[in-house]
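Let me begin by presenting the structure, written as structure tokens, before commenting on it.
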Amino acid sequence: MADTSADQLDNAIVSEPLDLVRLSLNERVFVKLKGDREIRGRLHAYDSHCNLVLSDVEETVYVMDDDLEDLKTIKKQSEMLFVRGDAVVLISPPSQS
Amino acid sequence: MLFFSFFKTLIDEQVIVELKNDMSIRGTLKSVDQFLNIKLDNISVVDEVKYPHLSAVKNVFIRGSVVRYVHLPAAVVDTTLLEDATRKEAAAQASKMGGR
């Protein structure tokens, strides 16, 4: 089950953008999605499509009330969530607001 | 193929699939394929009043590309195993792309 020393060296190399995502495994991340949505959760899995599995998730949906020019936010919680990669815009360490 | 394998471990679990058209469908995961197309049995639509379209439907096939989220029961997911598999998949991707 333990990494071989060669694997450990490979795991430490950061060469392409998705390697930065690998550094966030088992850490909380902030994900921006298409459709004015954001997600904060603990990252457990990803692939080259940016499909994700996150736990302890809070989703924020930004809704424009067209007539009133009001910006509403809707927050939802999920204990475990698969996110399809085609909606992902960015993945980042969380910036607490 | 990581998420294909992951979903195969969730067959027979109850999940909620949230679609890109904002409809959410609760059902038992019966089948998944390499495109992450999904078959659910014994479905119920989450907001039945707003989406009466499937009131007579028991089982559905959902094209993978229209899925936004799949809500999963945390108890069934081994996060450590997922993280290990992700690292292996990332390494496999890197060696497939690189090697220059």
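The values are calculated or read from the model by the stated rules, or taken from the named source; none is laboratory data. Because the structure is a prediction, the values reported are computed rather than measured. Positions of Cβ are generated from backbone atoms using ideal geometry, with glycine treated the same way; all protein chains shown enter the neighbour counts. Accessible surface is based on the protein model in full, side chains and every heavy atom, while ligands, DNA and RNA are left aside. Shrake-Rupley method; radii C 1.70, N 1.55, O 1.52, S 1.80 Å.
The numbered conditions (1) more than 9 Å from chain B (Cβ to nearest Cβ); (2) open to solvent by 80 Å² or more (accessible area, probe 1.4 Å); (3) modelled with pLDDT under 95 are all true for A:PRO94 except (2). The lone criterion from (1) within 9 Å of chain B (Cβ to nearest Cβ); (2) in contact with a helix residue (DSSP H, G or I) (Cβ under 6 Å, 6 or more places away or on another chain) left unmet by A:CYS50 is number (1).
Sub-6 Å Cβ pairs linking a first residue in region A:53-64 that is on the phi > 0 side of the Ramachandran plot to a second residue that is part of a strand (DSSP E or B) and not basic (Lys, Arg), at least 6 apart or interchain, are A:ASP56/A:GLY41, ordered by first then second residue. Just the residues that are crowded, with 19+ Cβ neighbours inside 10 Å, assigned to a loop (DSSP other than H, G, I, E, B) and of a type in the set (Asp, Glu), please, taken from region A:23-59. Result: A:ASP47, single match.
Residues that are open to solvent by less than 80 Å² (accessible area, probe 1.4 Å) and either charged (D, E, K, R) or within 17 Å of B:PRO73 (Cα to Cα) (or both) within region A:60-86 comprise A:ASP65, A:ASP70, A:SER78, A:MET80, A:LEU81, A:PHE82, A:VAL83, A:ARG84, A:ASP86, listed in sequence order.
Comparison of B:ALA75, B:ALA56, B:ALA91 shows that the only residue that is open to solvent by 80 Å² or more (accessible area, probe 1.4 Å) and more than 26 Å from A:LYS76 (Cβ to Cβ) is B:ALA56.
So, B:ARG26, is that one away from chain A (no Cβ under 12 Å), surrounded by 14 or more Cβ atoms within 10 Å (Cβ to Cβ) and part of a strand (DSSP E or B) or not? Criteria met by B:ARG26.
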